[in-house]
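**Q** Got a structure for you, questions after.
Laboratory data are not the source of any read-out in this text; all were calculated from the coordinates shown. Remember, it's a predicted structure, so these values are computed and weren't measured experimentally. Here the Cβ is made from the backbone with ideal geometry for all residues, glycine too, and neighbour counts use every protein chain on show.
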Amino acid sequence: MPTKWTIDSEQSDVLIKIKHSIIAYIAGTTNKFKGNVDIKDDIIENACIEFSLDVNNKENTLEQIDTYLKINDFIETEAYPIINFKSTSFQKVNKNINFLKGNLTVKNITKVIELDTTFLGYNFYNGVRKASFEVKGIINRNDFDLKTNSIFQKDGIMLGQDLHIEANLEFTA
C-alpha cells in the first residue's frame, strides 16, 4: 500500500533561470505549495502538485544574481505578481523517469507544460522524515509574453528563449 506524503511549503523552493541575464531564486517560505505524492517501495505511484509564487511579496526571499535585466522588466511583477502551476496528470515511466503535466500561468497566460520529476530520496529535518523531489522543465518565454524593454537589449545582449524552472519539493508522511 502506498504512503501519501504532503508537501512542506517551508522546505520547498523554485529557481527560475534564463540565459544571459536573469537568475532568480524564489524560496518557498512565503509562497503557497500544495500537493501530495504516493510512494511505495521508493517509487512514486501518483503525484498532485500545485504552487503559487508571489514574486512581489515583501517577506519573500527573492534573490537575483547577475542581473543586467531586472525581473520586474521581464515578468512585469507589478501588474502580474503571481505565477501559478497546477498539475493535471502524472505519468510514471519507470523508477527514475516521471512526468508531471499541468497548467502554468504567468502574466495571466495559461499554457500546458510537462515537467520532469525525480525522486531524490529520504532525509530527516527536525526529526521529521521527508521525501525530496526535483522537478525541472523548460518553457519558451514568448509563450507567456515574457519580453523586456531593457536598455541592454538595444546594446546587443541576447536574451535566451528558454526559461528554465527548477523546483525542489519536500514532502512529509
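**Q** At ASN140 and LYS111, where each label point lies 7 Å from the Cα along Cα→Cβ, what is the point-to-point distance in nanometres?
**A** Distance between the two pseudo-spin positions: 0.7 nm.
**Q** I need the fraction of alpha carbon pairs in the range 77-127 separated by more than 12 Å, rounded to a whole percent. Display every interim value, and only then the final one.
**A** On the way: 890 of 1275 pairs.
Result: 70 percent of Cα pairs exceed 12 Å.
**Q** Hey, rough spin-label estimate for ASN103 and ARG129, points 7 angstrom out along Cα→Cβ, what's it come to in nanometres?
**A** So the two model labels end up 3.6 nm from each other.
**Q** Place the peptides 78-90, 121-133 in order of packing, highest mean first, counting for every residue the other Cβ atoms within 10 Å and averaging per peptide. Can you show the working numbers first?
**A** On the way: 78-90: 15.8, 121-133: 13.5.
The peptides rank, most packed first, as 78-90, 121-133.
**Q** Could you pull out the pairs from LYS101/LYS130; LYS86/LYS147; LYS40/LYS107 whose alpha carbons sit more than 28 Å apart here? Before the final figure, lay out the partial values.
**A** Numbers: LYS101/LYS130 23 Å; LYS86/LYS147 24 Å; LYS40/LYS107 38 Å.
Checking Cα-Cα distances, LYS40/LYS107 exceed 28 Å.
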